[in-house]
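J.: First the structure, which I've put down as structure tokens, then a few questions once you've had a look.
The values are calculated or read from the model by the stated rules, or taken from the named source; none is laboratory data. Bear in mind that the values here come from a model prediction, so they are computed numbers and not experimental data. All Cβ positions, glycine included, derive from the backbone under ideal geometry; neighbour counts span all protein chains shown.
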Amino acid sequence: MQLNDKKLAKELYKKYSAIHRRKIRAWQMICVLSQFVDDDIVGEVTQCLQIALYRKNLPSVRQYLETFAINIYMEFSSLVMHRLKFI
């Protein structure tokens with residue numbers, strides 16, 4: 001999934017719209033794939049994750065985004081302290 005996909009990057013959309021459903025399905029797939037993130041790509045994944053976290057999304061989409069973030073930071077707990085230094 002491209003982070004800058006024009007349709008998925010939309011911040012204004014209605015609940016149950018086609019874009020809303022695509023966002024939910026995309027984040028559901030990403031959550032499932034989180035178990036395959038390894039040391040080689042975790043840096044790139046967390047950079048994209050930070051961009052995605054700052055975008056506005058409906059709560060039903062955001063819950064999957066936050067679930068993915070939790071999965072990544074639980075698996076790579078050393079990154080938590082690294083990210084907290086920049087806040």
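J.: Inside the range 24-62, can you point out the residues that are of a type in the set (D, E, K, R) and either touching a Leu at 6+ places or on another chain (Cβ under 6 Å) or closer than 16 Å to residue 76 by Cβ (or both)? If you could, list the steps in order and put the result at the bottom.
T.: Initially, the range 24-62 is screened for residues of a type in the set (D, E, K, R), giving 25, 38-40, 44, 55-56, 62.
Matches in the range 24-62: 38, 39, 40, 44.
J.: While we're looking at this one, here's another question. Residues of the range 30-57 being closer than 22 Å to residue 12 by Cα and either in a helix (DSSP H, G or I) or modelled with pLDDT of 95 or more (or both), which ones? Write out each step before concluding.
T.: First, pick out the residues of the range 30-57 that are closer than 22 Å to residue 12 by Cα: 30, 48-57.
Result: 30, 48, 49, 50, 51, 52, 53.
J.: Hey, any hits in the range 59-67 for a residue that's surrounded by fewer than 14 Cβ atoms within 10 Å (Cβ to Cβ) and in a loop (DSSP other than H, G, I, E, B)?
T.: Checked against the condition, which is being surrounded by fewer than 14 Cβ atoms within 10 Å (Cβ to Cβ) and in a loop (DSSP other than H, G, I, E, B), the range 59-67 yields no hits at all.
J.: Can you name every residue in the range 7-29 that is surrounded by 15 or more Cβ atoms within 10 Å (Cβ to Cβ), among the aliphatic types (A, V, I, L, M) and modelled with pLDDT of 90 or more?
T.: Kept after step one, since they are surrounded by 15 or more Cβ atoms within 10 Å (Cβ to Cβ), are these residues of the range 7-29: 8, 10, 13, 19-20, 22-24, 26-27.
Checking the rest, the ones that are also among the aliphatic types (A, V, I, L, M) come to 8, 19, 24, 26.
Selection gives 19, 24, 26.
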